[in-house]
Amino acid sequence: MSSAWLLPEHIADVLPAEARRIEELRRQWLDLARSYGFELVMPPMLEHLDSLLSGTGRDLDLKTFKLVDQLSGRTLGLRADATPQVARIDAHLLNRQGVTRLCYCGPVLHTRPSGLRATREPLQLGAEIYGHAGLEADLEVQELALDGLHAAGVRDLTIDLGDARVVRSVLAGLPLGPAELEALVTALSVKDLPTLRALSVGCPAEAREALALLPDLYGGEEVLAQAAERLPKRSQISTALGDLAWLAGHVRQAFPEVRLGFDLADMNGYAYYSGIRFAVYGRGSTDALARGGRYDEVGAVFGRNRPAVGFSLDLKGLAEVSRAARTEGAIRAPWGEAEGLREAVRHLRRQGETVVCTLPGHEHEAQEFECDRELFEVDGRWVLRAL
């Protein structure tokens, strides 16, 4: 018999020190997003399944917990990604004609973890721009992602850039069924050249050569020149390469300490992204700290297929790798009914201080908060002294 206090696999409580760090990051990120002009929205955890999965592909379907609504009999889903919800808010609740900047932060649930140590309940934070098709919006979300990670104390960042239009252009018109196309996309994702060659046997020579070349098109900015020279001369590919070069130039100018990389065969979110995509890594990390890009088709099912670009990240994962900023120490105060003591404590808290009152009988217990000062009485007055 399992113990009643055991949680499901890849689900965990967040204890005080970690919870405090996560909350600090949440406030920091939302304040930063607000400084860019993003407005906060709070979508619900539960929605009709067809709304949650709109335009997101099979991967999100497999990640989504499903249940039957006892009121309507319809199938509901617990969100595994907030982006479709934010697209619905933009399309049907706000319905603005111009640019809309929205941000959000809340838990999502996954049926399966993304890795051995990953949680099935990430705390997803994201920011999205709707209504502008130009590269200026792509650059803005990349700058926000890099600014936020830097403010969180993550150093030695690398931003990896790609563009879904490159692979989409190569695959356009190929005589492949859905299953074959999915297998080919998977082979590209893991850079499995033998499988790529086998799956593309029946394709035109130009497409076969391009598919065989794509897995090697990763590295520095020399990749863009190699792609321009060796990939098929198609307008969509040329536009994508030009856009990548433009973004790289601006990112390098704003963040000279950030390393730039390119991977033209990266198929992460192939069914989702419609253009530029990016991932940001920290030193030594194999999993991206933040992912984003352009997904112009996300609002189509809601009747407003307008430009969209954004990014998201897991604050729980970020808290594990980021360096906590040094915070002001707390104040230790005795508990008592002495004249002026209660008012002194309230006054300090109103000033933004953390005051931990030592309850009777617990004077020698360690506190979660590190106290560097204490409140004590001198000649009838309550004053602070260093510990």
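The values are calculated or read from the model by the stated rules, or taken from the named source; none is laboratory data. Given the structure is predicted, the values throughout are model-derived calculations rather than measurements. Reconstructed Cβ throughout: ideal geometry from the backbone, glycine too, with neighbour counts over all protein chains shown. Surface accessibility is based on the protein's heavy atoms, side chains included, excluding ligands, DNA and RNA. Shrake-Rupley method; radii C 1.70, N 1.55, O 1.52, S 1.80 Å.
Please report the net charge: other residues with Cβ closer than 11 Å to the Cβ of residue 294, K and R +1, D and E -1. Numbers along the way, then the final one.
Values: positive: 165, 277; negative: 128, 138, 163, 243, 296, 297.
After counting each charged neighbour, the total is -4.
Using only alpha carbon positions, build the gyration tensor of the range 1-157, then give the equivalent ellipsoid semi-axes as the square roots of 5 times its eigenvalues, largest first, whole angstrom.
28, 24, 14
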Computed over the range 252-372, Cα set: Rg, Dmax in Å: 24.8, 71
Which of the peptides 16-22, 71-77 is most tightly packed, and how do the rest follow, judged by the mean count of other Cβ atoms within 10 Å per residue? 16-22, 71-77
If the elastic network links every pair of Cα atoms under 10 Å, which of 107, 194, 307 fluctuates the most in the Gaussian network model of the chain? 194
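Nothing charged except the Cβ atoms of Lys and Arg (+1) and of Asp and Glu (-1): what's the magnitude of the dipole of the range 202-342 about its Cα centre? Round to the nearest 20 debye. Provide the component values of the computation, followed by the final result.
On the way: 17 positive and 18 negative charges, 47 e Å.
Dipole magnitude for the range 202-342 comes out near 220 debye.
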Within a Cβ distance under 15 Å of residue 41, other residues only, what is the Lys/Arg minus Asp/Glu net charge? +1
In whole Å, what are the extents of the range 137-287 along the principal axes defined by its C-alpha atoms, from largest to smallest? 50, 28, 23
Dipole check, the chain, charges on Cβ (K,R +1; D,E -1), about Cα centroid: among 33, 77, 166 the Cα furthest to the positive pole belongs to 166
For the cross-link pairs 191/316; 191/233; 63/191, which exceed 26 Å when the distance is taken from alpha carbon to alpha carbon? 191/316
For the range 212-271, what does the alpha-carbon gyration tensor say about shape, rounded, prolate or oblate, given a ≥ b ≥ c as the root eigenvalues, a/c under 1.5 as rounded, and a/b over b/c as prolate? prolate
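Is the C-alpha gyration tensor of the range 166-218 telling us rounded, prolate or oblate? Criteria: a/c under 1.5 is rounded; beyond that, a/b larger than b/c is prolate, otherwise oblate.
Details: a/c = 1.38, a/b = 1.18, b/c = 1.17.
Rounded is the answer for the range 166-218, as its axis ratio a/c remains below 1.5.
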Give the peptides 253-261, 85-93 in descending order of average Cβ contacts within 10 Å, highest first. 85-93, 253-261
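If you build the Cα gyration tensor of the range 104-209 and take the root of 5 times each eigenvalue, what three semi-axes come out, in whole angstrom, biggest first? Display every interim value, and only then the final one.
Details: eigenvalues 227, 83, 43 Å².
Calculated on Cα positions only, the semi-axes equal 34, 20, 15 Å.
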Using θ = phi - 60° and the Karplus curve 6.51 cos²θ - 1.76 cosθ + 1.60, what whole-Hz ³J(HN,Hα) does each residue of the range 152-164 get, with Gly and Pro shown as x? 6, x, 8, 10, 6, 7, 10, 10, 9, 10, x, 8, 4
Would you mind telling me the antiparallel percentage of the DSSP bridges in the chain, rounded to 5? 75 percent
Note to self: C-alpha centroids of the range 332-363 and the range 228-273 sit apart, in Å, by 57 Å
Using alpha-carbon positions, the gyration tensor of the range 72-146 gives root eigenvalues a ≥ b ≥ c; with a/c under 1.5 called rounded, otherwise prolate if a/b exceeds b/c, else oblate, the class is oblate
Label of the coordinate-derived value, semi-axes √(5λ) of the Cα gyration tensor in Å, listed as (1) 47, 24, 20; (2) 33, 22, 20; (3) 38, 21, 21: (1)
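Using a simple charge model, +1 on the beta-carbon of Lys and Arg, -1 on the beta-carbon of Asp and Glu, nothing else, what dipole does the range 140-186 show about its Cα centre, in debye to the nearest 20? Mind showing how you got there, number by number?
Details: 3 positive and 8 negative charges, 29 e Å.
Roughly 140 debye, rounded to the nearest 20.
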When all protein chains stay in place, what accessible area (Å², nearest 10, 1.4 Å probe) is found for residue 281? 50 Å²
Given the options 196, 289, 369, identify the residue whose Cα lies farthest towards the positive end of the charge dipole of the chain (+1 on Cβ of Lys, Arg; -1 on Cβ of Asp, Glu). 196
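For the range 234-387, give the share of DSSP beta bridges that are antiparallel, in percent and rounded to the nearest 5; count only bridges with both residues there. Walk me through the numbers before you get to the answer.
Working: 14 of 21 bridges.
DSSP beta bridges in the range 234-387 are roughly 65 percent antiparallel.
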Could you tell me which of 355, 237, 275 has its Cα farthest along the dipole of the range 233-387 towards the positive end, charges placed at Cβ (Lys, Arg +1; Asp, Glu -1), taken about the Cα centre? 237
